[in-house]
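To start, the structure itself, in C-alpha cells.
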Amino acid sequence: MSDGDLFGLYSQRILGLAAAIPHTDPIAAPGAQAQRRSPLCGSTVAVALTTQDGHIAAFSQTVRACALGQASAAIFGEAVIGCSRDQIATLCTELAAMLQGGPVPAPPFAGYAVLAPAKDFPNRHASILLAPQATLEALDRT
C-alpha cells in the first residue's frame, strides 16, 4: 500500500468520524452484551444494549480500533437506536457486500458510503464490520 493510497483512505471525513463516536457512555442495566475482535489488527468493539418491542432502545459501545473501525462505529452509532435485529442483520450483509464492491447499505446506514474506498484494503474489512457484528451477536442474546 503506497502512502498515497493510505492518504486517500484516511480522509478528513473518516478521521472526523473516528474522533466523534456516539454512545460511548455505559448504559445502566444492559439486557445483552457482546464483544468482537478483528484477528488481523486486534481491533475490538464491545457493545451493550437494551431492547423494547424488538428494537434497540439503549446502546453503548466501547471501541478500541483503527480509524476505519472507529469511523464505522461512529456511522453505526448514529443510526442504531430504534433498529430491529433484522435491520442489523441486513446491514451486516450489505456492508460486507459493499466492501466487496457492492452498493452502499440502505438507509438508515447510507453513511457508510464514506468507507466505500476501503474495498481496496481487505485487511481493514474486519475492523469496519465489528460494531454491527457485535450488535447482532448481542441481539441474539436478548
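Computed quantities for the displayed model
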read-out	value
Accessible surface, the chain, averaged per residue in Å² (probe 1.4 Å)	48 Å²
Linear extension gain, ALA57 paired with ALA19, 0.36 nm per residue minus alpha-carbon span	11.3 nm
Relative contact order for the chain, counting Cα pairs under 8 Å that sit 6 or more residues apart, in percent	29 percent
Protein accessible area in the chain, 1.4 Å probe - carbon and sulfur %	52 percent
Within the chain: Cβ-based charge dipole about Cα centre, in debye rounded to nearest 20 (Lys, Arg +1; Asp, Glu -1)	220 debye
Exposure rank, largest accessible area first [THR142, THR62; 1.4 Å]	THR142, THR62
Residue-averaged 222 nm ellipticity for the chain, from DSSP H runs of 4+ at -39500 (n - 2.57), nearest 500	-12000 deg cm²/dmol
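The values are calculated or read from the model by the stated rules, or taken from the named source; none is laboratory data. Quick caveat, the model's predicted, so the values are computed rather than measured. No Cβ is skipped: glycine too gets one built from the backbone with ideal geometry, and neighbour counts run over all protein chains shown. Accessible surface areas use protein heavy atoms only, side chains included; no ligands, DNA or RNA. Shrake-Rupley method; radii C 1.70, N 1.55, O 1.52, S 1.80 Å.
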